[in-house]
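These notes concern the structure reproduced below.
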Amino acid sequence: YDVWKAQTNINKGEKTRTAFEKSLFFIWSKKKQFQSFIDFFDKYKTELKVFGFDNQITGEYGENELINDLYEYCDNNHFNLKLNKDDLELLMESITNSGVFDEGDVSYEKYKSSLTNLLTNIDKQPKEEIHFYWKQIIKSLLSLGEYSYVNKPILSSFNTTSDDNIRDKQMADNLLEYIKAHPNEKIICWGANAHFVNDMSSVKT
């Protein structure tokens, strides 16, 4: 969501640096080595676009604007999201800040069924960019909820599979769905090796 929001806001005239700083973890956006990319993107922003494939909330946009944008999207398309907005905001705050699915706000089953129903409604819409992005965002929210609800630890960051790493599975889905939807684009992927590699069993930690 955060990087999609950054691209949307850059298109509307927001400064590139501000958009990246509000959409990425500071461990990346503030790094010295990343500043040249910000300058490069700003120079060629009419020819380039960014797409985030991490399922996590990664910046200020997600923390402050995601839920409002989600409900606005639902209202604009006459979708009934059967979750109380305030409760969902509290739940996402809990997931983002502590990695805990607090069922005191919303039960996991209601969260899962409501967002799954929303995906069904999106699938009935015409193929448009806005629906593509929101479908992937909602799938990411589902996986984020599952990850925090199951709370299954990753045994090793160097050797994981889709069975024990819900996050990587959804990251792969986000990237592959983007590639499928944009077959004629040149795509450069940037991420940690452990999130891309299929098998690192030869690596000794």
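Could you work out how much longer the chain between Asn97 and Glu128 gets when fully extended? Use 0.36 nm per residue separation minus the Cα distance between them, nm to one decimal.
Once the chain is fully extended between Asn97 and Glu128, it gains 7.9 nm.
For the chain, what is the accessible area per residue in Å², given a 1.4 Å probe and the full set of protein chains? Intermediate values should be presented prior to the final figure.
Values: 12380 Å² over 205 residues.
The answer is 60 Å² per residue.
Express the relative contact order of the range 56-142 as a whole percentage, based on alpha carbon pairs under 8 Å and six or more residues apart in sequence.
Numbers: 51 pairs, mean separation 22.7, N = 87.
The value is 26 percent.
Pick the calculated Rg and Dmax of the Cα atoms in Å for this structure from (1) 17.6, 57; (2) 17.4, 52; (3) 19.9, 64?
So the calculated entry is the one marked (2).
Could the peptides 54-61, 82-89, 15-22 be put in order, highest first, of the mean number of other beta-carbon atoms found within 10 Å of their residues?
So the order, starting with the most tightly packed, is 54-61, 15-22, 82-89.
Leaving out ligands, DNA and RNA, what percent of the accessible area of the chain is carbon and sulfur, probe 1.4 Å?
On the way: 6240 of 12380 Å².
Here carbon and sulfur together make up 50 percent of the probe-accessible area.
Which residues does the label zone of Asn117 cover in the range 82-97, counting backbone N under 11 Å from a point 7 Å along Cα→Cβ?
Flagged as within label range: 82-84.
Students often forget the sequence filter, so: which lysines lie under 25 Å Cα-Cα from Lys110 once same-chain residues fewer than 8 apart are removed?
Partners within reach: Lys82, Lys85, Lys124, Lys135, Lys139, Lys152, Lys169.
State, as an integer percentage, the relative contact order of the chain based on alpha-carbon contacts under 8 Å between residues 6 or more apart.
Working: 179 pairs, mean separation 38.2, N = 205.
Computed over the chain, the figure is 19 percent.
The values are calculated or read from the model by the stated rules, or taken from the named source; none is laboratory data. If you're wondering where the values come from, they're calculated on a predicted model, not measured in any experiment. All Cβ positions, even for glycine, are placed from backbone atoms using ideal geometry, and neighbour counts span all protein chains on display. We work out accessible area using only protein heavy atoms, side chains counted, and drop any ligands, DNA or RNA first. Shrake-Rupley method; radii C 1.70, N 1.55, O 1.52, S 1.80 Å.
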